[in-house]
Amino acid sequence: MKKVLFIDRDGTLIKEPEDEQVDSLEKLEFIPRVFRNLYLIKQNLDYELVIVTNQDGLGTDSFPEDIFWLVQNKMIKTFENEGIIFNDVLIDKTFPHENALTRKPGTGLLKKYLEGEYDLSNSYVVGDRITDIELAKNIGAKGLLYSGKIKMNEIKKNGLEKHCLLITDDWDKIYEILAFGSRIVKMQRKTDETEVVVELNLDGSGISEIETGLGFFNHI
């Protein structure tokens, strides 16, 4: 069965500007080490590479299609020049308030991947937003969050800790997870008075979190 790496675009493959719209070639800037690691994934690992991206209002006056495709085609061509060919590119053009099934974390664009020939339980979603981890949950895949801002307590508040294997802002770490698997050890001890759960993540951020009845506490 085929495994897939579903990859977000803005903020994961290319940098997302403050206005959240890459609408000129001047704004096109690639994420550090993304070329090297996607090339290694393509060469060494058995994943189809699929871009899944929300492009709010694409085709409207504020975000014309010709501007989008100028940047998109340049991005794809640059990856091709580095030996990285994407198997598919899935683009949703709706706004958040439309609640379209095709908009991440909805699965409407991924219908063919929900069929039996794909091994989604061993596939991954890589993205920079919590909605990307929600997408991983919705399709039965694993999530890798590319972010230097979102912390695990936010993931837990959304009930997604079982679906997020890693939070990192380093594509080297993403390749390591895909190539060698996660290195997480979890131990649980329960008595009449207390319940202690210890989880050691050797691929984590180096920040520990302690959960008590008062909430989460971070420790470096």
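The values are calculated or read from the model by the stated rules, or taken from the named source; none is laboratory data. Being a predicted model, the structure only gives us computed values, none of them experimental. Because the Cβ atoms are built from the backbone with ideal geometry, glycine has one as well, and the counts that use them run over all protein chains shown. Areas reflect the complete protein model, heavy atoms only, side chains present, ligands, DNA and RNA absent. Shrake-Rupley method; radii C 1.70, N 1.55, O 1.52, S 1.80 Å.
Counting only heavy atoms of the protein chains, get the accessible area per residue of region 33-192 (1.4 Å probe) and round it to a whole Å² value.
53
Tally up the carbon and sulfur contribution to the accessible surface of region 1-110 as a whole percent, 1.4 Å probe, everything protein left in place. Provide the component values of the computation, followed by the final result.
Working: 2680 of 5490 Å².
Taking all protein chains in place, region 1-110 shows 49 percent carbon and sulfur surface.
Starting from 0.36 nm per residue, how many nanometres of slack lie between Glu20 and Lys2 once their C-alpha separation is accounted for? Spell out each step's value before the answer.
Details: separation 18, 0.36 × 18 = 6.48 nm, distance 3.27 nm.
Using 0.36 nm per residue and subtracting the Cα-Cα distance, I get 3.2 nm.
Based on a Kirkwood Rh over C-alpha pairs, give the Stokes-Einstein translational diffusion coefficient of region 79-146 at 25 °C and viscosity 0.890 mPa s in µm²/s. Walk me through the intermediate numbers first.
Working: Rh = 13.1 Å.
Answer from the Stokes-Einstein relation: 188 µm²/s.
Just order 124-131, 111-118, 145-152, 47-54 by mean Cβ neighbour count inside 10 Å, highest at the front, would you? Walk me through the numbers on the way to the answer.
On the way: 124-131: 22.9, 111-118: 11.9, 145-152: 18.0, 47-54: 20.5.
Ranking the peptides 124-131, 111-118, 145-152, 47-54 by packing returns 124-131, 47-54, 145-152, 111-118.
Quick check on my link table: of Lys3/Lys112; Lys3/Lys104; Lys15/Lys42; Lys74/Lys112; Lys3/Lys173; Lys112/Lys156, which ones sit more than 23 Å apart, alpha carbon to alpha carbon?
Numbers: Lys3/Lys112 13 Å; Lys3/Lys104 20 Å; Lys15/Lys42 21 Å; Lys74/Lys112 27 Å; Lys3/Lys173 19 Å; Lys112/Lys156 30 Å.
Exceeds cut-off: Lys74/Lys112; Lys112/Lys156.
In Å³ and rounded to a whole number, note down the convex hull volume per residue for the Cα atoms of region 1-109. Could you put the intermediate results ahead of the total?
On the way: hull volume 11.2 nm³, N = 109.
Taking only Cα atoms, region 1-109 has a hull volume of 103 Å³ per residue.
With a 1.4 Å probe and every protein chain kept in, tell me what percent of the accessible surface of region 120-173 is carbon plus sulfur.
Details: 980 of 2270 Å².
That fraction is 43 percent.
Can you give me the P(r) profile for region 98-186? Cα pairs, bins 5 angstrom wide beginning at 0, each as a whole percent.
The distribution over region 98-186 is 3, 14, 24, 23, 20, 11, 4, 1, 0, given as percents.
Roughly speaking, what is the stretch gain from Asp170 to Glu48, that is 0.36 nm per residue apart minus the C-alpha to C-alpha distance, in nm to one decimal?
41.8 nm
What's the FRET efficiency of Asn122 with Leu70 using the Cβ-Cβ distance as r and R₀ = 45 Å, to the nearest 0.05?
Values: r = 36 Å, r/R0 = 0.80.
Step by step, r from the Cβ atoms, then E = 0.80.
Sticking with the crude label model, points 7 Å out along Cα→Cβ, report the distance from Asn81 to Arg33 in nm, one decimal please.
According to this spin-label approximation, the distance is 2.3 nm.
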